[in-house]
Amino acid sequence: MVDPSTKPFPEPLKSLYSGSDPKSQNFQKLTRMYNNLVSFTSLGAEIDKSVRGPLGLSIFQMCGALNHRISPIEPVEGAEAGYSQIYVVGDRGNAEVATRIRKAQGKGRATGIAASMHPSIVKILLSVMYNYNPYAKFYKNARQNAQQVLDTHNAKTFKLQGVPLPGSDPKRYNEPTVEEVAVIVQGEGDIVNERQILLHRLDGGLKYVSDMHSSYFPLRYPLFFPRGEQQWDNLYASSTGRVAGRKVGSLEWFAFLLFQRPAHFSAILAGRSLLQEFIVDMYVCVERSRLQYIKGNQDKLKAGKYNQLVASMENGAVPKGRPVILPSTFIGSPRNMQQLYQDAMALC
């Protein structure tokens, strides 16, 4: 595989990750909060705060479903702007810095851990976003561009997707430029597939971003991908060695991202608490894809015969719906746990 990060990591942000001065230490301690400040999507999950590590040990645990949500381009009149919407209405100056910090601190701004956030660090992060990130540039110009496009076509929504350069292989991951982030007018009967993000201009509510979209991680973790480097999707294929042309799975791609390379700076491995969230997010993506495969391949797993056996043992009870049978190879499934129990109880 080829690393999509072909250009150097922005030096101001790299210094915050690797520095030892008080400002860098503050950034490293609050990496997750600073990432939330400049993120384009919000994390839809229940974070289990009852799990607290000993002093100095950070633990990140989620419960239930996990998803990424993206807000409309512009905030509703009178409503507070979301993080991505601040890119549209912000002034790139002190007022925008204050707005982002105030939103991150929330109700506990006076006593919470977010009270120690430095405005000077936020200025550095915004400078990196506006200078390097194609999505920040897209949002900054979105109001004017969207107004022209939507008024011309009399539409209310549009799709955001990457556009491959002429002559490029759409299965290869080119670093996006602002010209490659396209606005496509959305008609009423259009179908939005997993590789597109549906955006509403106003009052469209939060939309979910598919984990099959190559912008799923760059939109959520801009401090890991400040140049908006496109990540894995289900079309990605290897371009190196004997396996050239073979599709690469999400697990292989994530292992590739987490691999430490000599003389190569990895913001992901330096992410501390943000790295924990990122790993949990990656695990959920892999688990979800496995479950989707199992659901779509029940016939291959002989689940039909298993269902008939269960139905015959229910004393004539009529089963409701079609259950999805998890194979014993799926870690944590009932059959897997039963198999492990039998192995543990075996005498030889």
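Brief remarks on what is shown
- Close Cβ contacts (under 7 Å, 6 or more residues apart or on different chains) running from residues in region 212-240 that are outside the structural domain of Arg272 (by TED's automatic domain parsing) to residues that are surrounded by fewer than 21 Cβ atoms within 10 Å (Cβ to Cβ) and modelled with pLDDT of 85 or more are absent.
This table checks each residue for (1) in the same structural domain as Asn131 (by TED's automatic domain parsing); (2) at pLDDT 70 or above; (3) polar (S, T, N, Q).
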position: Asp3; (1), (2), (3): no, no, no
position: Tyr34; (1), (2), (3): yes, yes, no
position: Leu57; (1), (2), (3): yes, no, no
position: Cys63; (1), (2), (3): yes, no, no
position: Leu66; (1), (2), (3): yes, no, no
position: Ile73; (1), (2), (3): yes, yes, no
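- Among the residues of region 271-288, the one identified as buried (at least 17 other Cβ atoms within 10 Å of the Cβ) and in a loop (DSSP other than H, G, I, E, B) is Gly271.
Yes/no per residue for (1) at pLDDT below 85; (2) buried (at least 16 other Cβ atoms within 10 Å of the Cβ); (3) within 17 Å of the chain's Cα centre (by Cα):
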position	(1), (2), (3)
Gln230	yes, yes, yes
Gly245	yes, no, no
Gly249	yes, no, yes
Phe254	no, yes, yes
Phe259	no, no, no
Ile268	no, yes, yes
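The values are calculated or read from the model by the stated rules, or taken from the named source; none is laboratory data. Since the model is a prediction, treat every value here as computed from it, not as a measurement. Note that each Cβ is placed from the backbone with ideal geometry, even for glycine, and that neighbours are counted across all protein chains shown.
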